[in-house]
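See below for the structure under consideration.
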Amino acid sequence: MCGTRPGQAASNRMKTRQPEIRTVDVARDELQCIERARAGDAKAFGLLVERYQDRVFNVCVRILADRAAAEDLTQEAFVKAFTSITGFDGRAAFFTWLYRIAVNLCLSARRRPTRPTVSLDAESDGRYAATGAARLAGDGPSPDVQAARREEHGLVLAALAELDEEHRAVVVLRDIESLDYGEIAEILQVPTGTVKSRLHRARMALRERLGPILGKA
């Protein structure tokens, strides 16, 4: 938990007062961590890192298709979040704000002249083959999909890597991370309608590439 430690209250009152955060589905302990981190408490921010580092890394690794680069940008995202956390005002959920930082870093990295090639370990996480591919097909995972998860996961990653940055990001956020359209729009800073249209085009492109997996060949 991130409650105020004994003896801190008077000291905290002496610090420059930050604007109050307007909470949006933020758990009390997380809010306490955020408030302490905004006051410069690195240990409190470390607890937020522990809570979200795996999710942020998963987003980065699927957008970048490069584990080493994803590790670097995950770290960079948290450093940037810590240095700018006083600007977090609770208008969006903390993870949405954090995702926006990470996704923007990843998209900027992919737009550079030399982009990383696909180097993901197909065994690293079979979640997308089991859930993402099924979502594209519109059905739940079948026994055949479960049995072929490892092979399909590699094929899905390769197909995902062929999408451009904007379309890849919406697939990762919606079909892998299961964020709602409003959250994705907030992260990407685009209208909800744009999110839906990009997702539709991205799914169509993936269906063409993944016909054998989805039974569309």
Unique residue being of a type outside the set (Ser, Thr, Tyr), at pLDDT below 95 and touching a Pro at 6+ places or on another chain (Cβ under 9 Å) when the list is 110, 135, 91: 110
Among the candidates 88, 94, which residue alone is crowded, with 20+ Cβ neighbours inside 10 Å, in contact (Cβ under 8 Å) with a residue 40 or more places away in the chain and not assigned by TED's automatic domain parsing to the domain that holds residue 170? 94
Is there any pair linking a residue in segment 184-196 that is more than 16 Å from residue 172 (Cβ to Cβ) to one that is of a type in the set (A, V, I, L, M), with Cβ under 6 Å and at least six apart or on different chains, and which? 192/185
Is it the case that residue 69 is among the small types (Gly, Ala, Ser), buried (at least 16 other Cβ atoms within 10 Å of the Cβ), part of a helix (DSSP H, G or I) and modelled with pLDDT under 95? yes
Looking at residue 201, is it among the basic types (Lys, Arg), modelled with pLDDT of 95 or more and either surrounded by 15 or more Cβ atoms within 10 Å (Cβ to Cβ) or over 18 Å from residue 108 (Cβ atoms) (or both)? yes
Across segment 154-175, the tally of residues that are under 15 Å from the mean Cα position of the chain (by Cα) and under 17 Å from residue 111 (Cβ atoms) stands at 7
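The values are calculated or read from the model by the stated rules, or taken from the named source; none is laboratory data. Just so we're clear, the structure is a prediction, and the values are computed from it rather than from any experiment. Neighbour counts are summed over all protein chains in view; Cβ atoms, including those assigned to glycine, are modelled from backbone coordinates with ideal geometry.
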